[in-house]
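The values are calculated or read from the model by the stated rules, or taken from the named source; none is laboratory data. Everything quoted here is computed from the prediction, not taken from an experiment. Glycine also receives a Cβ, built like all others from the backbone with ideal geometry; neighbour counts cover every protein chain displayed.
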Amino acid sequence: MKTNSTSTESLIVILMLAPLVYLGIIWNQLPAEIATHYDLNGNPNDWTPKQTAALSIGSLSIFLYVVLRFIPVIDPKGQLQTSNYQKLRFAVTLLFAAIMGWLFYIAAHPTEGKMSTGVILALVGVLLAGMGNYMTTIKPNWFVGIRTPWTLDSEVVWRKTHRMGGRLMVVGGLLSTILALVLPMSYKVTCVMGVILLTTLIPVIYSYVYFRQEKARQLN
C-alpha cells in the first residue's frame, strides 16, 4: 500500500461503508429492535431500535475514519506518514467492518446469536496479531504504539520495547483467536481477556526495566 494513495483511501472508504451497505440490503429482515450487547454466555442483554443502530454505526464509522486519517497530520514527530501506518488503518477498518457486519448478520439470524461472542473475540485476536506485526517497525510518535514515559524518553527503549512487544502481540493475538474458537463459552472471555491483558502489560513493564538498565549502563 502506498502512503496516502488514492487506491488505498478508496479501499478504506469502501470497507468503512460496507457494513452500512449490508445493513441496507438486510433492512427488511431485521426486527424493530436489534441486539447490540451480549453477556459472557452469548445471550443478548441490550437492544436498540434499528434506526438508532444505523445512525450510531454511521457516525462511528465517520469518526473512526477521520481520526485515523488525520492523526499523521498533527503528529509533531511526523513519523506516521508511512505505508505501514496505512496497513494499520486498513486492518483496524477491516476489523470494525467485520464486527459490525457480524452483529447485523446475527440480528437478522438470532438463532445463531450464541456464536457472536466467540467470533468477535477471534476477530479481536486477529487484529492484535496484525497490529503486533506493525509495532515491530513503528517509529517514535505521540499517538500510536507503546507510549510509556520510558519509550517516549529514549529511541533505543522505544525500538527495543516495540520489537519485543510486537512479537508478543502476534503470539498473543493468534493464541487469543484459537482460544476464542475452541474454548467453551463460559471460559472464552476470561481466557482471551487474560491473554490480551498480559500482552498489554508485559511491554509496559519491559520498557521500564530496559530504561533503567540503559540509564545504569550510561552511568558506568
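Numbers at a glance
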| item | result |
| --- | --- |
| Which numbered condition Asp46 misses (of (1) out of contact with any strand residue (DSSP E or B) (no Cβ under 9 Å at 6 or more places or on another chain); (2) at pLDDT below 80) | (1) |
| Criterion (more than 30 Å from Ile34 (Cα to Cα) and loosely packed, with under 15 Cβ neighbours inside 10 Å) met by exactly one of Leu175, Leu168, Leu152, Leu219 | Leu219 |
| Whichever residue in region 146-189 is at pLDDT below 90 and not aliphatic (A, V, I, L, M) and, among such residues, is nearest to Thr200 (Cα to Cα) | Lys188 |
| Filter result for Gly118 (in a helix (DSSP H, G or I), at pLDDT below 85 and in contact with a Pro (Cβ under 7 Å, 6 or more places away or on another chain)) | no |
| Thr117 being hydroxyl-bearing (Ser, Thr, Tyr), within 29 Å of Gln29 (Cα to Cα) and surrounded by 16 or more Cβ atoms within 10 Å (Cβ to Cβ) | yes |
| Some residue of region 213-220 being assigned to a helix (DSSP H, G or I), among the acidic types (Asp, Glu) and either in contact (Cβ under 8 Å) with a residue 60 or more places away in the chain or closer than 30 Å to Trp27 by Cα (or both) | yes |
| Candidates Thr136, Thr177, Thr148, filtered to the one that is touching a Lys or Arg at 6+ places or on another chain (Cβ under 8 Å) and of a type in the set (Ser, Thr, Tyr) | Thr136 |
| Subset tally (residues that are within 17 Å of Arg212 (Cα to Cα) and assigned to a helix (DSSP H, G or I)) for region 142-188 | 14 |
| Residue within region 9-27 that is assigned to a loop (DSSP other than H, G, I, E, B) and modelled with pLDDT of 85 or more present | yes |
| Breaking point among (1) out of contact with any helix residue (DSSP H, G or I) (no Cβ under 7 Å at 6 or more places or on another chain); (2) farther than 22 Å from Asn84 by Cα; (3) of a type in the set (S, T, N, Q), for Thr117 | (1) |
| Any hit, region 122-141, residues being polar (S, T, N, Q), in a helix (DSSP H, G or I) and crowded, with 19+ Cβ neighbours inside 10 Å | no |
| First in region 43-68 and without any contact (Cβ under 8 Å) to a residue 12 or more places away in the chain and farther than 17 Å from Phe96 by Cβ, second anywhere and among the polar types (S, T, N, Q) and surrounded by 13 or more Cβ atoms within 10 Å (Cβ to Cβ), Cβ under 7 Å, 6 or more apart | Asp46/Thr36 |
